[in-house]
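Report on one structure; see the data block that follows.
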Amino acid sequence: MKTITAMKRRNCEVGGVSMRAKTAVIFLALAAVAMGGCAAVPATKFYQLTVPGDMGAGGQGNGIAVTLLVGPIGGSHVYRDDRLIYGNGSEELGAYEYERWVEPPVEMIQEMLLRELRMSGRYRGVYTLGSAAHGDYVLRGNLYDFKEVSGNPLSARVTLDLELRDTKGGTDVWSHHYTHDEPVNGKDVAAVVSALDRNVQEGIREALASLDQYLAAHPTS
């Protein structure tokens with residue numbers, strides 16, 4: 001630092017700036033930019049939904065002779081991205097940059113439905129739509145809310161619609177709507193994730209109980 005100061009003083013004394021001084025100034029400017037660009041960046045945290053092993057266990061032993069195909073879960077582009085979403089209700093949304101899901105919410109929920117239906121042991125077969133398997137019904141859905149909602153108290157909102165289509169008749173034969181604001185037990189993002197996790201588990205549990213009831217009452221011919 002002393003050398004650079006002395007160099008600049010000598011250059012000023014002779015009424016000009018040498019090429020060496022210009023080079024030094026440019027080098028220092030680039031170094032400053034580089035150091036600024038290497039400033040500490042918050043570590044990205046990733047979260048995932050849990051799949052409890054006992055959610056579908058109650059139906060084992062009472063099989064329903066149908067094969068289900070689990071189709072994609074639709075949703076707006078914010079739920080097809082992996083960032084956690086927050087909002088002040090239904091009008092304004094934002095996204096956390098360094099708090100992310102391991103997969104987009106629509107994909108995680110499709111996977112949860114697939115796994116829970118298989119684990120229940122209630123059906124002849126459960127596969128993804130697009131597989132080689134032939135299904136009696138296709139289960140699809142749409143995710144409308146999966147977000148933190150500001151307020152007092154802070155809450156985690158899940159709104160999910162599911163519908164069942166008869167592949168033989170080409171008609172929708174069952175549908176289920178779920179929406180709930182789960183209170184958040186804390187003020188950090190991890191607490192919001194935990195509330196979303198509880199909420200979507202309850203929503204899927206409720207929906208699959210309704211689906212099971214419908215299919216048990218309407219056996220395929």
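Every number in this text was worked out from the coordinates using simple rules, so none of it is lab data. Here the structure is a predicted model, which means the values were calculated and not measured. For neighbour counting, all protein chains shown are included, and Cβ atoms are generated from backbone atoms with ideal geometry for every residue, glycine included.
Listing for the model above:
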| item | result |
| --- | --- |
| GluC sites (Glu not before Pro) restricted to DSSP loop in the range 85-189 with at most 15 other C-beta within 10 Å | E91, E92 |
| Exposure proxy order (Cβ contacts within 10 Å, fewest to most) of D145, D188, D81 | D188, D81, D145 |
